[in-house]
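Read the figures in this text as sums done on the coordinates, not as results from a lab. This structure is a prediction, so every number in the text was calculated from the model and none was measured. No Cβ is skipped: glycine too gets one built from the backbone with ideal geometry, and neighbour counts run over all protein chains shown.
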Amino acid sequence: MKKLVILGGGYGGMKIMQQLSAKDLPEDYEMILVDKLPYHCIKTEYYALAAGTESDHDIRVPFPKHVRRVFGNVDNIDVHNKEITLVGDRGEVETLQYDKMVIGLGAEDKYHGVPGAEEHTHSIQSMESTRKTYEAISNLPPRATVSVVGAGLSGVELAAELRESRQDLTIHLFDRGETILPMFPLRLSTYVSSWFEKHEVDIISNSNITRVSEDALFNHEERIASDAVIWTAGVQPVKVVRDIENIEKDRKGHIILTKHHHIPDHPDTFVVGDCASLPYAPSGQLAEKQGEQIVMILKKQWAGEELPETMPEMKLKGTLGSLGKKQGFGVMGDKASVKGRVARILKSGVLWMYKYHSGV
Ligand SMILES: Cc1cc2nc3c(=O)[nH]c(=O)nc-3n(C[C@H](O)[C@H](O)[C@H](O)COP(=O)(O)OP(=O)(O)OC[C@H]3O[C@@H](n4cnc5c(N)ncnc54)[C@H](O)[C@@H]3O)c2cc1C
């Protein structure tokens with residue numbers, strides 16, 4: 001049998017598996033998912049897992065049953081010889097040849113060369129690291145200090161959730177910019193800042209974290225004692241993807257693709273989601289939209305049809321963020337902003353729909 005290999009069952013990989021049923025595959029093809037985990041994880045909820053307000057079980061979704069699953073850590077990807085190398089739980093090494101493949105292994109933290117950041121900060125970029133972050137936060141003594149570095153969507157959601165989860169903590173939220181949430185309209189940034197002020201989360205703007213040590217971080221040269229530092233200050237494709245040889249990548253290590261989402265000169269190797277170089281900020285929503293287009297291209301390739309000269313625009317529906325369990329903020333469609341309880345209800349609704357459509 002020929003193999004369509006999906007590397008990573010994240011938002012992009014899941015969408016492809018959901019939209020390609022067994023009958024959509026040519027008779028001589030099987031679809032194989034490779035992931036290190038035995039279930040899809042709802043990464044957009046990692047802030048709540050870390051803060052201890054959502055259970056591990058609640059953010060797992062079973063992988064589709066019509067796909068053969070291979071569990072292991074992808075260790076090497078050779079797109080020139082169409083081969084991947086996996087390391088299993090017990091250290092056993094396996095190689096897997098593919099006929100077609102979609103790389104969707106997601107992102108990990110980018111530390112921008114800040115000394116001590118990788119060693120001394122906690123992460124919410126993978127399920128495993130988020131579980132460790134949850135444990136570290138849960139074990140903090142009363143009145144401990146937590147510093148969250150980066151006030152984009154995930155940092156803001158984490159700081160707010162943590163405030164609701166642990167009222168005794170001192171929480172600092174550091175950001176490089178003048179205002180938090182730079183990708184949102186100023187009106188929403190102001191609203192979120194006033195929520196933090198009211199809930200006694202200390203926003204430190206125009207910051208520059210120059211070093212992190214075991215018990216402190218340094219903003220410019222000022223030492224700020226911290227019992228835990230959580231890093232939400234930037235992401236990049238996972239290392240195994242950054243390490244793929246002899247293909248073109250952008251400045252951040254995302255793989256450059258053709259308009260049909262495959263690697264140039266490699267029409268059988270596609271890339272989806274946070275690993276792909278796209279003209280939009282990475283998001284789960286974007287990974288899903290791109291996944292839909294990859295399914296369209298795969299079907300055309302199998303049918304021997306010509307690929308479209310122009311690809312449809314990937315229309316995104318906006319972004320919603322939470323401020324604890326009761327308040328939220330977001331942008332819907334092109335520009336309409338929402339805030340307060342309505343935004344939070346909408347966000348919960350989106351999560352409910354996502355789980356429902358994934359069969360939970
Ligand atoms: C706290 C937080 C909040 C967010 N909120 C939003 C939001 O509101 N809206 C939104 O659209 N986006 C949001 N995002 C971004 C979104 O989660 C990502 O853009 C999205 O998950 C990317 O999807 P993906 O398919 O590229 O990869 P992922 O969903 O990250 O999936 C990658 C998969 O690859 C597997 N994997 C990784 N490395 C290996 C390996 N070496 N071997 C085997 N398997 C491996 C993982 O187990 C995982 O299943 C948020 C992110 C965070 C952290």
Review point. Pick from Met314, Met101, Met14: which residue has the top mean-square fluctuation in a GNM of the chain where Cα pairs under 10 Å get a spring?
Key: Met314
Practice item. Taking only Cα atoms and a 10 Å spring cutoff, compute GNM fluctuations for the chain and point out the largest among Pro312, Pro185, Pro141. Key: Pro312
Exercise for review: Report the calculated FRET efficiency for Arg60 and Glu245 (r = Cβ-Cβ distance, R0 = 45 Å), to the nearest 0.05.
Suggested key: 0.85
Study note, to complete from the structure: The equivalent-ellipsoid semi-axes of the chain, taken as the square roots of five times the Cα gyration tensor eigenvalues and listed largest first in whole Å, are 36, 22, 19
Review point. To the nearest 0.05, what FRET efficiency results for Glu197 and Met353 with a Förster distance of 41 Å applied to their C-beta separation?
Key: 0.80
**Study point:** GNM result for the chain, Cα springs below 10 Å: residue of Gly304, Gly104, Gly333 fluctuating most strongly
**Key:** Gly304
Exercise for review: May I ask you to list the lysines whose Cα is less than 18 Å away from that of Lys347, ignoring any residue fewer than eight positions away on the same chain?
Suggested key: Lys43, Lys317, Lys325, Lys326, Lys335, Lys339, Lys355
Check your understanding: What ranking of Glu309, Glu108 emerges when the number of other C-beta atoms within 10 Å of each C-beta is taken as an exposure proxy, fewest first?
Key -> Glu309, Glu108
**Study point:** Sum of -39500 (n - 2.57) over DSSP H runs of 4+, divided by residues of the chain (222 nm, nearest 500)
**Key:** -8000 deg cm²/dmol
**Study point:** Per-selection Rg to Rh, region 111-233 - Cα, Kirkwood hydrodynamic radius
**Key:** 0.93
Check your understanding: In debye, nearest 20: dipole of the chain around its Cα centre with unit charges on the Cβ of K, R (+) and D, E (-)?
Key -> 1240 debye
Study note, to complete from the structure: Exposure-ranked with fewest Cβ neighbours within 10 Å first, Met353, Met296, Met332 stand as Met353, Met332, Met296
Check your understanding: DSSP H helices in the chain with Cα extent of 27 Å or more along the helix axis and mean Kyte-Doolittle hydropathy at least -0.5?
Key -> 284-303
Review point. Quick one: Phe174, Phe71, fewest Cβ neighbours within 10 Å first, how do they rank?
Key: Phe71, Phe174
